[in-house]
Amino acid sequence: MAKETHEFQAETKQLLDLMIHSIYTNHEIFLRELISNASDAIDKAHFESLTDRSLLEGDEAFQIFLTPDAEQHTLTIADNGIGMNRDELIENIGTIAKSGTKAFLEQLKKAKEENKDLTDKEMIGQFGVGFYSAFMVADHVTIVTRKAGEKQAWKWESNADGSYTIEECEKAERGTAITLHLKDAFCGKEAEQDFTDNYELERLVKKYSDYVRYPIKMDFTFEETPKDKDGKEIEGADKIKKVETRTLNSMQPLWTKNKSEIKKEEYNEFFKHQFHEWEDPMEVFHTKAEGTVEYTALLAIPAHAPFNLYQTDYEPGLQLYSRHVFIMDKCKDLLPDYLRFMKGLVDSPDLSLNISRELLQQSRELKAIGRALEKNILKTLSRKLKNDREWYEKFWNEYGKSLKIGIYNSIYSGSDTVDKLKDLILFLSSKEGKLVTLKEYVERMPESQKKIYYATAKDKETIEQLPQMETLRDKGIEVLYLLDPVDEFAIETIHQYEEKPFHSISRGDLGLDDAESQEVKKETEEIQKDNSDLMKDIKEALGDKVEDGTFDVEDLAMGTIRFDNGAQLQIEFSWASNVKKETRFVELRGTKAGLNWQDGEVEFYTEEYGKCLDVIPTNYATDREHARNLRHFYDVVIEGAEPCFKPQQGIDMIKILCAVYESARTGREVVL
């Protein structure tokens, strides 16, 4: 088969260009990423061999081998893992990180626009473009690979010029060998960092990949003087060269050690290697349990949420081991979905090496382990919330949405998730603009307050401009700001906290029971009674367009008209004793609007449109004919009939319309 030439995707070209021009400063990280990829390939070979031993081709000694060549300026990383065929080379290498590439570039562009300095760890770790970090130190990369169980090997080459080639080749062993043709800056004694130096490579393996469970080997060449049969050096003899193959990593699984023997730095390095993270984890959980079920768990909360945590292509789950032998990746059945951000592994001698995913779902041992892990994680989060608020708020900003989704999803799962999570959720509060728990909110409620008040909007500025907020602020009542779309779903699922129901300040009666509110309630009821004819005629005038019309009991006198299209219009009333009857003006989103009346009729107008409509007669009680104009006003504002108003003025104009009548009839000031 002739050599094929393929073009990289446009996004891939962009990313390669970034790599070549070194957007990262920590160049040595390429080695850790390539070793991690090699380790993953061996994991896959081992897993596949559990059901098909022939794939190992008689070679069961898994290993990763480094071969530096100072003369040729190359470094080769080889493994005897699963290998790749032609199609897999194109899919896994020719297309970078699939959907992650686009997100990577968008994030980088956004960071530059906002003048943010994203670290190497954040960028590579979040978007999984680590393989191409090789082009930070190499100007040409060659891959020779043969998939286990297949005879044909393939050679992939690219110098990151926008294309790559694929051709058939020979390779005796299964697996993959990646050869980096190093740039001058990264080889030789004068180099910035010499990646052909054995001792430098040994240092990097110890630093980044010491806990890789497969041996990472490299040949060391040295000279020594020959020795006689007694082990003494022979004087005058010429020195001879010897080659010694050394294993560079310890390979002892970290989770098998006692916690007292493990340093924090060791935990950090283990998670960064094992789970392709690039920052120290936020928190580590190391648990050993004996009894009905025996297991060791080593889990962590990553420093940052992955960009696709809430997308369908994200695969949650923990690694499974049995007696230190890897048996499964991404086991979703251990932890509930609201803990999908957790990373780690579980090692249990009670699990079978050949257990299938179907049997796992029915495994009593696995369910017991999962319950214990969930309990331990939630207990730790609760302790952090109590004793380290700064840490917890950082955690909440990264993963709080997962907990809120977990509460909402409990509707379908029928679990007790609400009780587990309700004391862990935080909301922004009107009190000092800080995050608070529901417990903190309830503990400082005034004795007369019977409800937990909340408001929903895209930002807190919008909420703070709501008219209801002024009333609640004056009474010293705290309001929770629900700024995420999932917040209100979570609140409605919880329903109440410590027998205090949740109440949206935008929904009807605020239910304030103090003396002042009771007085307003009485006045509101009087207004409702006095205006029963008004609401009746509004409904008659608008006909089937109106679903309902009432005056609700509220801390402000408020009329509500509900239209069948879902619109809900509220009319607020207030009054002042020094208002002139001849003309009243109100400010309508920067547009001056006013109303006059003469010859017994009220006139509504704006500066832009002039006279809009004869609205309601001054003496409404004796002349109701003009109320029919409400229907025309509805058609103008809602249905778009002529004359045409600005769409955004529609709802406010209907509010004014009804308030106009009240003002004209009673001599009270119009207030929106």
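Anything in the stretch 358-395 that is open to solvent by 20 Å² or more (accessible area, probe 1.4 Å) and under 18 Å from the mean Cα position of the chain (by Cα)? List them, or say none.
Within the stretch 358-395, Trp391, Glu393, Lys394 qualify.
Within the stretch 315-340, which residues are open to solvent by 30 Å² or more (accessible area, probe 1.4 Å) and part of a loop (DSSP other than H, G, I, E, B)?
Glu315, Arg323, His324, Lys332, Asp333, Pro336, Arg340
Anything in the stretch 306-326 that is in contact (Cβ under 8 Å) with a residue 12 or more places away in the chain and more than 17 Å from Lys44 (Cβ to Cβ)? List them, or say none.
Pro306, Phe307, Asn308, Leu309, Tyr310, Asp313, Tyr314, Pro316, Leu318, Ser322, Arg323, His324
Six or more apart or on different chains, Cβ atoms under 9 Å: show the pairs whose first residue is in the stretch 233-262 and without any contact (Cβ under 8 Å) to a residue 12 or more places away in the chain and more than 27 Å from Ile216 (Cβ to Cβ) and whose second is part of a helix (DSSP H, G or I) and open to solvent by 80 Å² or more (accessible area, probe 1.4 Å).
Sorted first by the residue in the stretch 233-262, then by its partner, the list stays empty.
Is there a residue in the stretch 482-503 that is at pLDDT below 85 and either aromatic (Phe, Trp, Tyr) or outside any strand (DSSP E or B) (or both)?
no
At pLDDT 85 or above and open to solvent by less than 60 Å² (accessible area, probe 1.4 Å), is that true of Lys257?
yes
Among the residues of the stretch 48-69, are any under 26 Å from Lys207 (Cα atoms), of a type in the set (D, E, K, R) and open to solvent by 60 Å² or more (accessible area, probe 1.4 Å)?
Within the stretch 48-69, none of the residues are under 26 Å from Lys207 (Cα atoms), of a type in the set (D, E, K, R) and open to solvent by 60 Å² or more (accessible area, probe 1.4 Å).
Identify, please: which residue in the stretch 484-502 is among the acidic types (Asp, Glu) and closer than 17 Å to Trp396 by Cβ and is, among those, least open to solvent (accessible area, probe 1.4 Å)?
Within the stretch 484-502, the match that is least open to solvent (accessible area, probe 1.4 Å) is Asp487.
Output the residues belonging to the stretch 239-248 that are assigned to a loop (DSSP other than H, G, I, E, B) and either aliphatic (A, V, I, L, M) or touching a Phe, Trp or Tyr at 6+ places or on another chain (Cβ under 7 Å) (or both).
Scanning the stretch 239-248 gives a single hit, Leu248.
Residues checked against (1) under 25 Å from Lys401 (Cα atoms); (2) of a type in the set (A, V, I, L, M, F, W, C):
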position	(1), (2)
Ile262	no, yes
Glu277	yes, no
Ile301	yes, yes
Tyr314	yes, no
Arg323	no, no
Ile327	no, yes
Met342	yes, yes
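Are there strands (runs of 3 or more DSSP E) fully within the stretch 162-238 with at least 1 residues that are of a type in the set (S, T, N, Q), touching a Phe, Trp or Tyr at 6+ places or on another chain (Cβ under 8 Å) and surrounded by 11 or more Cβ atoms within 10 Å (Cβ to Cβ)? List them.
So the answer is 163-169.
Look at Lys431 and say whether it is over 14 Å from Leu339 (Cα atoms), open to solvent by 50 Å² or more (accessible area, probe 1.4 Å) and not in a helix (DSSP H, G or I). Spell out how you get there, then give the answer.
Working: over 14 Å from Leu339 (Cα atoms): yes; open to solvent by 50 Å² or more (accessible area, probe 1.4 Å): yes; not in a helix (DSSP H, G or I): yes.
Yes: the conditions hold for Lys431.
Return the residues of the stretch 264-280 that are in a loop (DSSP other than H, G, I, E, B) and in contact (Cβ under 8 Å) with a residue 60 or more places away in the chain; say none if nothing qualifies.
So in the stretch 264-280, the residues in a loop (DSSP other than H, G, I, E, B) come out as 275-280.
Selection gives Phe275, His276, Glu277, Trp278, Glu279.
Please find, within the stretch 279-293, the residue that is least open to solvent (accessible area, probe 1.4 Å) out of those that are at pLDDT below 90 and over 21 Å from Phe395 (Cα atoms).
Checked the stretch 279-293; the qualifying residue least open to solvent (accessible area, probe 1.4 Å) is Val293.
Residue-wise test of (1) out of contact with any His (no Cβ under 8 Å at 6 or more places or on another chain); (2) on the phi < 0 side of the Ramachandran plot.
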| site | (1), (2) |
| --- | --- |
| Lys386 | yes, yes |
| Tyr392 | yes, yes |
| Ser413 | yes, yes |
| Asp416 | yes, yes |
| Asp419 | yes, yes |
| Glu432 | yes, no |
| Val436 | yes, yes |
| Arg444 | yes, yes |
| Tyr453 | no, yes |
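For the structure I just gave you, tell me whether Lys460 is touching a Phe, Trp or Tyr at 6+ places or on another chain (Cβ under 7 Å), modelled with pLDDT under 90, under 21 Å from Thr437 (Cα atoms) and open to solvent by 20 Å² or more (accessible area, probe 1.4 Å).
Yes.
The values are calculated or read from the model by the stated rules, or taken from the named source; none is laboratory data. As the structure is a computational prediction, the values presented were derived from the model and not from experiment. Quick reminder, even Gly has a Cβ in these numbers, built from the backbone with ideal geometry, and neighbours come from all protein chains shown. Surface areas here come from the heavy atoms of the whole protein model, side chains and all, with no ligands, DNA or RNA. Shrake-Rupley method; radii C 1.70, N 1.55, O 1.52, S 1.80 Å.
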